[in-house]
Amino acid sequence: MDKSIVVKNLKVENQHNPLGIDIRSPRFSWMIETEQNNVLQSAYHLIVTEEDGEEVWNTGKIDSDQSIWIPYKGPSLTARKCYLWKVRIWDNTGQISDWGRASWEMGLLDEDDWHAFWIEPEQEEAVEEPFITVQEMFLRGLKDKSLDEKAKDLRPPQLLRKKFAISGDIKKARLYVTSHGVYQLELNGSRVGNNEFAPDFTAYNVRLQYQTYDVTDLLASGNNAIGAVIADGWYIGRIQLTGHSCQFGNKLGLLMQLEIEYKDGTTERIVSDKQFVSSPGPWQYADLFIGEKYDANLEQSDWSCFDFNDQNWKTVKQVDYSLDNLVAQFGPNVRVMEELVPLSIHSETDGSQIIDFGQIIAGRIRIAIEAKNGDIITLQHSEVLDKDGKFFMNIIGRNKDQTDIYIARGSGTETYEPKFVFHGFRYVRVTGLIASIKKDAVRAIVLYSDMETTGHFECSDHRLNKLQHNIQWSQKTNMLSIPTDCPQRERAGWTGDLQVFAPTAAFNMDVYLFLERWLGDVRNEQFADGQIANFVPTGKYYVKECASMGQLSSAGWGDAIIIVPWVLYERYGDVRVLEQNYEAMAKWLQYVQHKAETEIPDSMTETDPTVLERQKYLWNTGFHFGDWLIPSIVESADENTGPMDSAILTKELVATCFYANSALLFAKIAELLGDKETAHTYYTLNKRIRKAFEEEYVDVNGRISAHFQGIYILALQMDMVSSKKRLLVAAQLAQLIKDNDHKLDTGFLSVPYLMDVLCTEGYEDIAYRLLYQTDCPSWLYEVDMGATTIWESWSAIKKDGTVGHMSFNHYAFGCIGDWLYREPGGIKHSSPGYKHSIIAPNVNVGMKSAKAVLKTGYGILSSAWERNNDFIKLEVNVPPNTTATVILNGENRVEVGSGFHHFQYESPAVLKAKA
Ligand code: BGC
């Protein structure tokens with residue numbers, strides 16, 4: 001039948017036909033496809049059956065316009081079982097779609113479902129690195145050991161294998177696996193799946209994910225063998241700020257269960273146990289951050305095949321670790337996502353060759369070489385060249401070597417691609433290779449968590465398009481397993497960085513499950529007193545590392561527990577993320593409230609009771625990162641000034657602003673979840689904090705005591721000043737920017753609101769000058785200086801070409817991406833998940849045209865406009881089952897349903913931003 005409405009893109013837990021999930025009440029979503037306009041769903045009918053057709057759950061016809069995140073409410077689901085589901089819908093004109101069909105399979109749900117044993121190959125225990133503090137790590141003078149010295153303490157990854165025989169016609173086979181360390185698997189000589197760095201980085205002690213693979217086609221009746229390689233990964237390797245090792249354990253281990261179902265209905269299980277044998281492989285070591293050393297002469301071919309002679313391999317130990325931390329994989333795996341060809345290759349005078357990939361990435365290279373037996377080829381990775389175009393390692397700290405070493409076999413062309421490391425780089429320096437490298441012989445392998453690209457922004461200004469490109473690349477390269485600050489130095493899940501970048505991230509990619517997973521650990525690692533860690537997962541040294549700061553959290557970082565779920569709820573429309581994090585949010589706020597109420601600054605000598613009374617609404621004690629990295633402070637000529645100064649000078653006011661903001665958001669969330677009393681408490685608290693802030697810090701002229709751009713921005717954005725003073729405060733901000741030659745001077749926490757605040761306060765002209773500013777600090781300065789990602793420091797390369805030691809790949813300042821999509825792009829959510837949107841492109845930002853596209857949970861939402869003299873042509877696409885309000889010229893509102901809509905209207909270009 002030729003239907004005009006079709007149900008497509010069926011997903012369970014936001015994935016297509018997932019295998020091995022352990023969510024007991026998975027959620028269903030679908031999209032509606034139609035050529036017609038104004039389509040809304042009026043009802044759905046969903047049926048779940050077992051594979052043999054037996055009905056499990058039948059909703060009957062439900063009158064509802066909900067087409068995303070519908071929870072399963074049938075009888076308990078069974079471990080390992082595959083379920084089929086189908087759904088059809090009715091639209092608002094009474095048309096019925098055909099059934100759309102899909103499936104999902106449950107994983108192992110309880111400890112009892114596991115029959116495998118943890119096994120450990122014979123190995124030396126990993127060496128624990130001596131303790132150093134965060135401050136020591138950043139000292140330029142810190143003496144890091146040479147690679148040769150380090151190598152003595154590094155251990156080889158291990159190969160493990162087991163032979164087994166099976167007989168019968170295989171219907172299906174599933175492999176459930178996880179490890180201490182990161183693993184790759186082979187069955188009968190073929191790689192299993194394409195995951196990299198599994199299991200993903202989680203708070204392993206609380207939550208270790210296992211992965212499920214469909215290996216039906218890799219097995220055959222008769223003799224088989226399975227093999228696993230395991231390397232240190234995040235579990236044991238030298239990770240995070242300080243490069244400490246053994247953060248979760250010091251021995252590699254494997255847990256694996258192969259389950260085979262034969263066509264005759266019988267089943268068989270092959271598990272990790274004492275029958276496994278192990279041997280070191282060709283790697284002398286492989287450390288995620290340091291790099292790997294691989295000796296091709298030690299390769300053992302066919303090591304995962306049945307006939308391989310493993311006589312000399314060692315027996316493994318069966319160990320009794322608890323299985324209570326095992327959970328199914330949730331969210332995307334890391335995979336090879338892209339490959340890049342070199343832009344150029346040149347030689348330096350010392351004979352080394354520098355490969356330039358033209359783009360900063362996170363990943364590694366694959367290189368085909370010809371060399372003599374035993375030749376040692378070294379690959380060093382870096383993000384920049386120095387002022388004179390020479391190779392330059394910009395990253396400092398302990399164990400951040402990013403260097404891979406290959407020892408050649410010497411037999412024709414051999415190809416090397418490291419397996420258990422990733423680096424942040426654009427340039428690779430190759431030494432030890434005499435033949436010159438041809439472009440065809442090398443590729444950059446780009447690795448990140450496998451998420452769908454959902455957003456696209458472009459406009460008539462190519463420099464802003466380059467900025468958008470750089471933001472996207474900083475996102476891809478910092479979303480490898482967890483959301484990180486940077487992919488070369490700390491590679492840590494800094495809560496503040498993500499809090500700032502989450503709105504932009506949710507435009508560019510479908511980050512929902514990725515961030516939901518990470519939030520799980522933010523909760524898992526919340527401290528008993530409610531503090532939320534500055535980076536997550538934390539690891540064994542976190543508390544000791546933070547000792548010098550006197551607390552375990554910071555304003556603006558810990559607030560991620562409230563802000564990030566809220567952003568996800570708004571953008572993806574799923575209330576579960578609020579429910580799941582609600583308790584942790586409450587605990588965080590109680591911690592902050594306790595601090596505010598019980599502590600006053602040491603320096604306080606005040607005796608006036610009103611002043612003393614309001615102190616309990618100000619979060620004005622303890623250490624915070626403040627408006628981190630304010631350019632004028634961090635880049636001041638004064639050598640004694642550094643990042644900590646921007647923290648100290650702003651922390652008190654920043655903390656109080658975030659306290660108010662979190663109280664308000666939490667009140668909204670409480671209200672939404674039906675907790676009216678709590679909502680009332682926090683709405684009231686928010687008012688009191690704002691009042692106290694104004695009384696304490698804002699003078700009659702609207703001048704705030706910490707007279708920095710960022711503080712004004714936060715105060716205005718978070719409504720910390722009464723309407724009486726708002727104009728004055730905004731004028732102070734405008735003046736500060738003008739006095740700074742129309743350049744921004746905002747840190748991490750305020751920069752996301754910079755453009756919005758200026759525009760809402762009537763200073764669009766200043767906002768646009770900041771947007772097009774090309775002097776440092778500015779977004780386009782970086783673009784003009786050849787950036788391919790967003791830098792940690794606006795002046796990472798100075799005007800005279802001097803290259804600094806900071807990271808060239810920090811997404812935080814890329815948070816302007818959100819504004820680009822919303823303002824010139826013109827797309828905004830107005831109800832959760834874009835069920836209703838607002839299309840209101842700002843056509844007066846000095847562009848001739850702009851276009852924003854977003855794949856929402858309902859389908860493609862887009863807005864594209866073009867200026868022709870004083871006329872604007874606007875094309876809008878609204879996904880089925882949603883509606884939108886199109887706002888022309890900031891005032892004419894047109895309500896539209898789904899489908900394509902064209903508008904043409906007069907709009908004189910009032911603001912010549914570039915003038
Ligand atoms: C990281 C940041 C992080 C900060 C804390 C830095 O070293 O790279 O991005 O948020 O520390 O202030």
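Worth pointing out:
- Sequence ranges 655-665, 593-603, ranked by mean other-Cβ count within 10 angstrom, highest first: 655-665, 593-603
- Segment 1-60 and segment 356-433: distance between their alpha carbon centers, rounded to Å: 47 Å
- 222 nm mean residue ellipticity, helices alone, for the chain (DSSP H n ≥ 4; -39,500 (n - 2.57); rounded to 500): -7500 deg cm²/dmol
- Among beta bridges that DSSP assigns inside segment 111-331, antiparallel share in %, nearest 5: 95 percent
- Net charge of neighbours whose Cβ lies under 9 Å from the Cβ of Thr774, counting Lys and Arg as +1 and Asp and Glu as -1: -1
- Cβ-based exposure ranking for Ile827, Ile170, Ile89, in which fewest neighbours within 10 Å come first: Ile170, Ile827, Ile89
- DSSP-loop trypsin sites (Lys or Arg not before Pro) across segment 793-858, with at most 16 other Cβ within 10 angstrom: Lys798, Lys799, Lys848
- Spatial separation of Cα centroids for segment 777-813 and segment 232-262, in angstrom: 35 Å
- Theoretical FRET efficiency, 1/(1+(r/R0)^6), r = Cβ-Cβ of Ser190 and Tyr905, R0 51 Å, to 0.05: 0.30
- In plain terms, the residue of His423, His462 with the fewest other Cβ atoms within 10 Å comes first and the most crowded comes last, giving His462, His423.
- Compared with the alpha-carbon gap, the fully stretched path from Gln135 to Trp57 is longer by 22.3 nm at 0.36 nm per residue.
- Distance between the C-alpha centres of segment 316-350 and segment 174-205: 9 Å, rounded to the whole angstrom.
- Amide H within-cut-off set for Gly899, under 5 Å, with H built and near neighbours excluded: Asn38, Val878
- Under the membrane-span-like helix rule (DSSP H runs whose alpha carbons stretch at least 27 Å along the helix axis, mean Kyte-Doolittle hydropathy 0.5 or higher), the chain yields 643-672.
- Subtracting the Cα-Cα distance of Asp217 and Phe392 from 0.36 nm times their residue separation leaves 58.3 nm of extension gain.
- Among beta bridges identified by DSSP and lying wholly in segment 798-904, the antiparallel ones come to about 90 percent.
- Ile434-Asp350 pseudo-label distance in nm [points 7 Å out on the Cα-to-Cβ vector]: 2.0 nm
- Protection proxy ranking of 301-307, 262-268, by the mean of other Cβ atoms within 10 Å over each peptide's residues and highest first, is 301-307, 262-268.
- Ranked by the mean number of other Cβ atoms within 10 Å per residue, highest first, peptides 276-285, 382-391 order as 276-285, 382-391.
- Its residue count N sets the reference 2.2 N^0.38 Å, and the alpha-carbon radius of gyration of segment 455-823 equals 0.94 times that reference.
- Against the compact-protein benchmark of 2.2 N^0.38 Å, the Cα-based radius of gyration of segment 190-334 scales to 1.15.
- Qualifying trypsin sites (Lys or Arg not before Pro) for segment 418-517 [loop in DSSP, other Cβ within 10 Å: at most 15]: Lys438
- Close amide H contacts of Asp485 (hydrogens built in the peptide plane, cut-off under 5 Å, sequence separation of 5 or more or a different chain): Arg491, Ala492, Trp494.
- Measure of compaction for the chain (Cα Rg per 2.2 N^0.38 Å): 0.97
- Value of Rg to Rh for segment 768-904, rounded to two decimals, is 1.08; Kirkwood radius and Rg both from alpha-carbon coordinates.
- Distance histogram for segment 331-394 (every C-alpha pair counted, 5 angstrom bins, percent rounded to whole numbers): 3, 11, 23, 24, 17, 12, 6, 2, 1, 0
- Lys, Arg +1 and Asp, Glu -1 on Cβ, resulting dipole of the chain about Cα centre, debye, nearest 20: 880 debye
- The overall shape of segment 337-449 is rounded: from the C-alpha gyration tensor, with semi-axes ordered a ≥ b ≥ c, the ratio a/c is less than 1.5.
- Surrounding net charge for Ile345, when Lys and Arg each add one and Asp and Glu each subtract one, Cβ distance under 14 Å: +2
- Here segment 97-159 is treated as a Stokes sphere of Kirkwood radius computed over C-alpha pairs; at 4 °C and 1.567 mPa s its diffusion coefficient rounds to 72 µm²/s.
- Here the spin labels are modelled as points 7 Å beyond Cα on the Cα-Cβ line, and at His594 and Gln66 they lie 3.6 nm apart.
- Counting 0.36 nm for each residue step from Asn17 to Asp450 and taking away their Cα separation leaves a gain of 154.3 nm.
- Each residue in Trp819, Trp779 was given a count of other beta-carbon atoms within 10 angstrom of its own, and listing them fewest first yields Trp819, Trp779.
- Charge context of Ser279, other residues only, Cβ under 15 angstrom, K/R +1, D/E -1: -2
Laboratory data are not the source of any read-out in this text; all were calculated from the coordinates shown. The shown structure was predicted, so the numbers you read here are calculated from the model rather than taken from an experiment. Cβ sites come from the backbone with ideal geometry, for glycine too, and all protein chains shown count toward neighbours.
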